[in-house]
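Asks: Submitted below is the structure of interest, expressed as C-alpha cells.
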Amino acid sequence: MKNLLFGILILIIGINSSTKATEVVKGSITGEVIDRDTKQEIVGAVIEVLNTGILTATDIHGSFLIDGLDPRTYNLKISAPYYVTTYKTDILVTGKQSSKIVIELKLASYETEEVVVSSERYFDKPVDLVTSTNSLSAEEIRRAPGAVEDLNRMVQSLPGVTTATDSRNDLIVRGGSPVENFILVEGIEIPNINHFGTQGASGGPIGMINVDFLNDVTFSAGGFPAKYGDKLSSIMDVQYRNGDKNNFNGKIDIGIAGGGIILEGPLQEGKSSYLFSARKSYLDLILSSTGLTAVPNYSNFNLKATYELSEKHKLTFIGLGGIDKINLKGFDDEDDPIIVSTDFSGWSAAGGIVHKWLIGNQTFLQTSLSTNMYQREVNSDSLGKPTFNNESLDREYVLRSDLSQRFSQTDLLEAGFTAKYLRNDNSIFRAQTIDIYGSTLPGLNYDAVADAYKFSPYIQYSKNLFARLDLMAGLRYDYFSYLNDKGTISPGVSAGFYILDNLKLNAAYGIYHQAPPLLWLVAYDQNKDLMQMKTEQFVSGIEYYPSSDLKITVEYFEKQYSDYPNSVLNPAVTYANAGAQYQTL
C-alpha cells in the first residue's frame with residue numbers, strides 16, 4: 001500500500017514538472033465596463049493594456065475583447081468621459097483560455113462646466129466605504145504568501161485583522177469576534193464560507209470559495225454604511241467573474257491537499273453562461289498509512305450561472321456548498337476521563353437567485369431570494385461511554401432588495417431591506433463532566449426547535465460638494481422577533497475630504513447592532529430578555545498617495561461594546577470568543 005501511494009505521488013510530481021517544447025499559445029482578456037452605481041453599460045470606454053501599446057474600446061453592450069496576448073499578467077487602464085479613470089491590475093492570461101473581468105467605473109463629480117477628478121491611481125473603493133477599506137483582486141489572493149488561495153487567510157493580512165490560531169482562518173477584526181463579520185457573495189448573504197465552520201460564526205480551517213471564481217473582493221474593517229447591517233465588526237463583499245458566453249473551457253487542478261475540476265461555457269451562446277467547480281481532498285488517503293489521526297476529509301462545489309432576459313433584466317444563480325468529516329481519536333485513560341474521542345460530520349449549502357433590473361438610465365434595482373443551511377453532528381466518548389452528542393440544523397431563508405437612484409453626478413440615494421426567516425433544530429446530550437476551569441458541569445439532555453424573523457430596512461444618501469468633499473448619512477432599523485426588546489435603530493455618517501490632490505482626510509461614525517445567533521438563545525427562555533449586541537464606532541484617518549501606485553494610510557479608531565452576552569454558568573466566558581477559541585456553544 002505504501003509503495004502504491006508513493007507511486008501516485010511520483011506520478012503527480014511528474015505530471016506537474018513535465019515540460020514540452022511547444023509554440024506559445026496566445027490568450028485573451030474579455031470583460032464589460034459598467035457604472036458602479038446604476039450598473040448601466042458604458043459605451044466607448046477605452047481600455048489600454050499598459051506597456052504594450054494595445055488599445056480597444058467597449059461596444060454598444062459595454063463589452064470588450066483583447067486577444068493575441070502572451071501568457072503572463074497584465075495591467076489595464078480604463079477611462080471614459082465623465083468617469084474617474086481606474087486601473088485593473090494583475091490580470092493573469094493563460095494560453096487558450098480567456099480571462100474574464102467586470103470593471104466598475106465611478107462617475108466623476110464636477111463643478112459648472114469643468115470636470116474635476118482626482119489624480120489617476122491604482123487604488124479604488126466604493127464611495128460609501130470611506131474608512132478602513134481595501135479591494136483585492138483574484139490574482140492578489142492567489143499569489144499571497146501563506147494564504148494558500150484562501151480568501152479569509154488573505155484578509156487576515158489586512159490592517160486591523162488578526163486570528164486566534166494558525167490552524168483556522170477566523171477573522172478577528174479590531175478586537176471583535178468571528179461572529180461579527182458580514183459576508184455577501186454576489187448579493188447573497190452567506191454566514192460562513194469555510195469547511196468545519198463554527199456554528200453562528202464566520203470562520204473555519206479551510207475556505208470553500210474557489211479563487212478562480214473571483215473578480216474582486218472588498219473588505220471593510222469599520223465605519224461601513226447602513227446597507228451592511230446586523231453585524232458589528234466587518235463586511236466582505238465578494239464578486240464572482242462570469243463564465244465564458246461563447247466557448248467551453250475546462251481545467252483540472254491537482255495539489256498536495258486535493259484535486260478538482262473547473263468547467264465554464266455558454267448555456268445559450270452570447271446570452272448566458274455557467275461557471276462550476278468541484279473539489280475533493282485526498283489527505284485522508286495519503287496520510288492514513290502514516291498513523292496520523294485527525295485528518296480532515298472534505299469536498300465542495302461552487303456555481304455561478306447567468307442569463308440575460310433582456311438588455312434591462314438579468315438573472316444570476318449562485319451556489320456554494322461543502323461536506324466535512326473528521327475523526328479526533330483520543331486514548332482511554334482511567335486516570336484522566338476528560339480525554340475523549342470525537343467524530344464530527346456535517347454539510348453546508350447556500351444558494352439563491354439574483355434579479356438585476358436597470359430602470360431607465362439612473363436607477364438600478366437588485367433583488368435576491370436565497371437560503372442557507374448548516375448541519376452538523378458531533379459524537380464524543382471516553383472509556384467507551386458517550387460523553388457528548390449534538391445534532392443541529394440551522395436554516396435561513398432570505399429576501400433582500402437594494403435600490404440605487406442617482407439624481408445627479410453628485411447625489412446618490414440608496415435604500416432597501418432584508419427579510420429573514422430563521423430556524424434552529426438542536427439536540428444535545430452531555431454527561432456530567434469537569435470543564436477546563438475545574439468546574440463541574442451538570443448533565444444535559446434536551447431537544448429544542450426555535451424559529452424567528454428578522455426585518456431590516458435602511459436608507460442612505462451620498463453627496464459630493466465642491467468636487468473634493470464626499471458626505472454620506474444613513475439610517476437602519478433591525479427587527480428580531482425572538483427577543484422581547486425586538487427593534488434597534490442604527491445611524492451612521494461619514495466624510496472624505498481631499499486636502500490636497502494626493503492627500504485625503506476620512507472620518508466615520510456609527511452605531512451598529514447585531515442580534516445574537518439563534519443558537520445562543522434557544523436553551524433558556526430567559527435569553528429572550530437579552531438585548532441586541534451593540535458597538536459605537538468612530539474612525540478617522542488620512543490617505544496619502546506619493547505616486548499613482550503607492551498608498552499610505554494611517555487610522556485611529558474607537559470601538560465601544562455593550563449588551564454582549566456572557567455565560568451564567570461561568571461568567572468568565574464571554575460569547576465574544578465564539579469561533580476564536582470555544583468551539584462548542
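The values are calculated or read from the model by the stated rules, or taken from the named source; none is laboratory data. Bear in mind that the values here come from a model prediction, so they are computed numbers and not experimental data. Cβ coordinates were reconstructed from backbone atoms using ideal geometry, including for glycine residues, and neighbour counts include every protein chain displayed.
Asks: Can you say whether N445 is touching a helix residue (DSSP H, G or I) at 6+ places or on another chain (Cβ under 6 Å) and polar (S, T, N, Q), as far as the supplied structure shows?
Replies: no
Asks: Find the residue count for the stretch 42-100, including only residues that are assigned to a loop (DSSP other than H, G, I, E, B) and among the hydroxyl-bearing types (S, T, Y).
Replies: 5
Asks: In the stretch 364-376, which residues are among the charged types (D, E, K, R) and farther than 22 Å from D435 by Cβ?
Replies: Result: no residue meets the conditions.
Asks: Tell me, yes or no, whether the stretch 432-450 has at least one residue that is crowded, with 16+ Cβ neighbours inside 10 Å and within 15 Å of A226 (Cβ to Cβ).
Replies: For the stretch 432-450, residues crowded, with 16+ Cβ neighbours inside 10 Å and within 15 Å of A226 (Cβ to Cβ): absent.
Asks: Now for a separate question. Quick check on this structure: which one of L365, L393, L422 is of a type outside the set (K, R), buried (at least 16 other Cβ atoms within 10 Å of the Cβ), under 26 Å from L107 (Cβ atoms) and in contact with a strand residue (DSSP E or B) (Cβ under 7 Å, 6 or more places away or on another chain)?
Replies: On the way: L393 fails: under 26 Å from L107 (Cβ atoms); L422 fails: under 26 Å from L107 (Cβ atoms).
From the options L365, L393, L422, the qualifying one is L365.
Asks: Residues to consider are L129, L76; find the one that is at pLDDT 85 or above and closer than 27 Å to E264 by Cβ.
Replies: L76
Asks: Being under 25 Å from M531 (Cα atoms) and either assigned to a strand (DSSP E or B) or among the hydrophobic types (A, V, I, L, M, F, W, C) (or both): is that true of Y461 here?
Replies: no
Asks: Still on this structure: Being over 23 Å from the mean Cα position of the chain (by Cα) and at pLDDT below 90 narrows it down to one residue among D525, D529; which is it?
Replies: None of the others qualify; the one that does is D525.
Asks: Which one is farthest from G487 (Cα to Cα), of the residues in the stretch 523-544 that are crowded, with 21+ Cβ neighbours inside 10 Å and of a type in the set (A, V, I, L, M, F, W, C)?
Replies: If we take residues in the stretch 523-544 being crowded, with 21+ Cβ neighbours inside 10 Å and of a type in the set (A, V, I, L, M, F, W, C), then V539 is farthest from G487 (Cα to Cα).
Asks: Tell me yes or no: at least one residue of the stretch 186-200 is within 23 Å of S299 (Cα to Cα) and in a helix (DSSP H, G or I).
Replies: No: zero hits.
Asks: Would you please name the residue that is nearest to the chain's Cα centre (by Cα), looking only at residues in the stretch 201-226 that are of a type in the set (A, V, I, L, M, F, W, C) and assigned to a loop (DSSP other than H, G, I, E, B)?
Replies: Kept after step one, since they are of a type in the set (A, V, I, L, M, F, W, C), are these residues of the stretch 201-226: 201, 206, 208-209, 211, 213-214, 217, 219, 221, 224, 226.
Within this subset, residues satisfying the condition of being assigned to a loop (DSSP other than H, G, I, E, B) are 201, 208-209, 221, 224, 226.
Working: A201: 13, M208: 11, I209: 9, A221: 13, F224: 15, A226: 18 Å.
So, considering only residues that are of a type in the set (A, V, I, L, M, F, W, C) and assigned to a loop (DSSP other than H, G, I, E, B), the one nearest to the chain's Cα centre (by Cα) is I209.
Asks: Within the stretch 166-183, is there a residue that is assigned to a strand (DSSP E or B), out of contact with any Ser or Thr (no Cβ under 6 Å at 6 or more places or on another chain) and either in contact (Cβ under 8 Å) with a residue 60 or more places away in the chain or basic (K, R) (or both)?
Replies: Within the stretch 166-183, not a single residue is assigned to a strand (DSSP E or B), out of contact with any Ser or Thr (no Cβ under 6 Å at 6 or more places or on another chain) and either in contact (Cβ under 8 Å) with a residue 60 or more places away in the chain or basic (K, R) (or both).
Asks: Out of the residues in the stretch 155-171 meeting the condition of being of a type in the set (A, V, I, L, M) and under 29 Å from L369 (Cα atoms), tell me which one is surrounded by the most Cβ atoms within 10 Å (Cβ to Cβ).
Replies: L171
Asks: Criterion first (modelled with pLDDT under 85 and touching a Phe, Trp or Tyr at 6+ places or on another chain (Cβ under 8 Å)) does I318 satisfy it?
Replies: So I318 fails the test.
Asks: Name the residue, out of V84, V102, V93, that is crowded, with 18+ Cβ neighbours inside 10 Å, of a type in the set (A, V, I, L, M) and closer than 30 Å to D128 by Cβ.
Replies: Exactly one residue qualifies, and that residue is V84.
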